[in-house]
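Each remark here refers to the structure printed beneath this line.
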Amino acid sequence: MSGRTSLLVVLGLLAVGCSPNTQPAGSSANIASTDSATVRAAIEATNARFLEAFKRGDKTGLMASYADDAILMMPNEEAWRGREGLDKGFAGFLSQMSFKDGATKTEDVMVAGDLAVETGSFAWTLQPKSGAEVKDKGKYLTVWKRQPDGEWKIVRDINNTDLPAKM
């Protein structure tokens, strides 16, 4: 994976969360809520945990937010499909790049039944295993699906940079 490709891979990674909801299964907020403010709060908390996992280089933590049939679509990459694709994609990225600092911002969440669509932005600094640090900013669109246990997991994820292409 090239440095540019690795950077683009990261763009989508931060757009997503990293760990399961900490509420016990069966709690009313965990199972019944489709209120957009409640769902947004859960997504934002998961995104914060994702950033922490990314800082640690924790592939398992990064993958925890995705449903088994999730698809992650990174710029200049084939889509990562399902657990096997996510595992390979995250492993490849983490072998070449680490997360130095950054943030995501959830700008909007639309909820319809068991689906939620999050629109957001990101800005961060990445450190290639060899070479100078890279700063980037961009936007993402993430589709979340409520699982049978009430937890929200990512089923579709796409992102891109706001920076001009380097020719």
Discussion item. Checking GLY17 against (1) part of a helix (DSSP H, G or I); (2) at pLDDT below 95: exactly one of these is not met. Which one?
Written reply: (1)
Item to complete: Could you tell me which numbered condition THR119 fails, if it satisfies all but one of (1) in contact with a helix residue (DSSP H, G or I) (Cβ under 8 Å, 6 or more places away or on another chain); (2) within 22 Å of ALA64 (Cα to Cα); (3) of a type outside the set (Lys, Arg)?
Response: (1)
Discussion item. Can you tell me which of (1) surrounded by 13 or more Cβ atoms within 10 Å (Cβ to Cβ); (2) over 15 Å from the mean Cα position of the chain (by Cα); (3) outside any loop (DSSP other than H, G, I, E, B) is the one GLY150 doesn't meet?
Written reply: (3)
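If you take just the helices (runs of 4 or more DSSP H) that sit entirely in region 25-118, which of them hold at least 2 residues that are in contact with a Phe, Trp or Tyr (Cβ under 9 Å, 6 or more places away or on another chain) and either surrounded by 13 or more Cβ atoms within 10 Å (Cβ to Cβ) or at pLDDT 95 or above (or both)? Show your work before the answer.
Numbers: elements: 28-31, 36-56, 59-63, 82-96.
In region 25-118, 36-56, 59-63, 82-96 are the helices (runs of 4 or more DSSP H) which contain 2 or more residues that are in contact with a Phe, Trp or Tyr (Cβ under 9 Å, 6 or more places away or on another chain) and either surrounded by 13 or more Cβ atoms within 10 Å (Cβ to Cβ) or at pLDDT 95 or above (or both).
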Fill in: Residue that is surrounded by the fewest Cβ atoms within 10 Å (Cβ to Cβ) [pool: residues in region 126-140 that are without any contact (Cβ under 8 Å) to a residue 40 or more places away in the chain and within 16 Å of the chain's Cα centre (by Cα)]
LYS137
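Anything in region 63-79 that is closer than 12 Å to ASP157 by Cα and polar (S, T, N, Q)? List them, or say none. Walk me through how you get there before you give the answer.
Going through region 63-79, the residues closer than 12 Å to ASP157 by Cα turn out to be 65-67, 69-75, 79.
Across region 63-79, the qualifying residue is only SER65.
The values are calculated or read from the model by the stated rules, or taken from the named source; none is laboratory data. Quick caveat, the model's predicted, so the values are computed rather than measured. Virtual Cβ from ideal backbone geometry, glycine too; neighbours counted across all protein chains shown.
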